[in-house]
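Heads up, the thing below is written out as structure tokens.
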Amino acid sequence: MPFSFKRLEIPDVILIEPKSFSDERGFFLEIFKLSEFNKNGINTNFVQENISYSKQNVLRGLHYQKNPNAQAKLVIPISGKIFDVAVDLRVGSPTFGRWVSEILSAETHKMLFVPRGFAHGFCVISEKADILYKVDQEYSADNERSIIWNDPSLQIKWPTGKPILAKKDSQAPKLENIDNNFTYPH
């Protein structure tokens, strides 16, 4: 099997480790294979890919798109290292308002699958990072939402206390005030 799938403390969020084939020339790995993902409970049709470049201490998030344009994401660094976070926004979920995090890096090739109904964010902990996202819904400005990165009710242990933020991220609402139409089960 070219992948290892590990369900995290919030079981719908999945850490994926692809098998890397290395030799003196470098490496080769698969980052997505529909049959393997489907066998492991990820039945997602990715329709858009994005790349972001960020420097150290940039924090992007916590972002989500509400229904009907909610997005599942597959996140992998193609350079650098990030502290990656997913927050459960599904009203009625036993893990509503809880978060999980993983360190993802281009060196380890680990990926994070973040399902619909979750906010996502990351902080760059290397000098710089390029991040590839596969998403299962196209971007919708009308349905884009966010949560403030340092919401005291979430108590996320970010690797920096002074992140570099976009203006919209620095002015995002707290969890208790977000525009959220996710329910559990979906």
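Selection of region 17-32 for residues being in a strand (DSSP E or B) and surrounded by 12 or more Cβ atoms within 10 Å (Cβ to Cβ) yields Glu17, Pro18, Ser20, Leu29.
Results for (1) charged (D, E, K, R); (2) out of contact with any strand residue (DSSP E or B) (no Cβ under 7 Å at 6 or more places or on another chain); (3) modelled with pLDDT under 95, shown as yes or no for each residue.
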position	(1), (2), (3)
Asn57	no, no, no
His63	no, no, no
Pro77	no, no, no
Asp84	yes, no, no
Arg90	yes, no, no
Ser93	no, yes, no
Ser153	no, yes, no
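If you go through region 56-81 and keep only what is farther than 17 Å from Ile10 by Cα and in a loop (DSSP other than H, G, I, E, B), you end up with Gln56, Asn57, Lys66, Asn67, Pro68, Asn69, Ala70, Gln71, Gly80. Scanning region 56-68 for residues that are crowded, with 17+ Cβ neighbours inside 10 Å and over 25 Å from Gly161 (Cα atoms) yields a count of 2.
Residues in region 1-33 that are touching a residue at least 60 places away in the same chain (Cβ under 8 Å) and charged (D, E, K, R): Glu9, Asp12, Glu17. Among what's in region 33-55 and is of a type in the set (A, V, I, L, M) and more than 22 Å from Phe83 (Cα to Cα), pick the residue that is surrounded by the most Cβ atoms within 10 Å (Cβ to Cβ). Per the criteria, the residue is Ile42.
The values are calculated or read from the model by the stated rules, or taken from the named source; none is laboratory data. Everything numeric in this text was worked out from a predicted model, so none of it was measured. Using ideal geometry, Cβ is built from the backbone for each residue, glycine included, and neighbour counts are taken over all protein chains shown.
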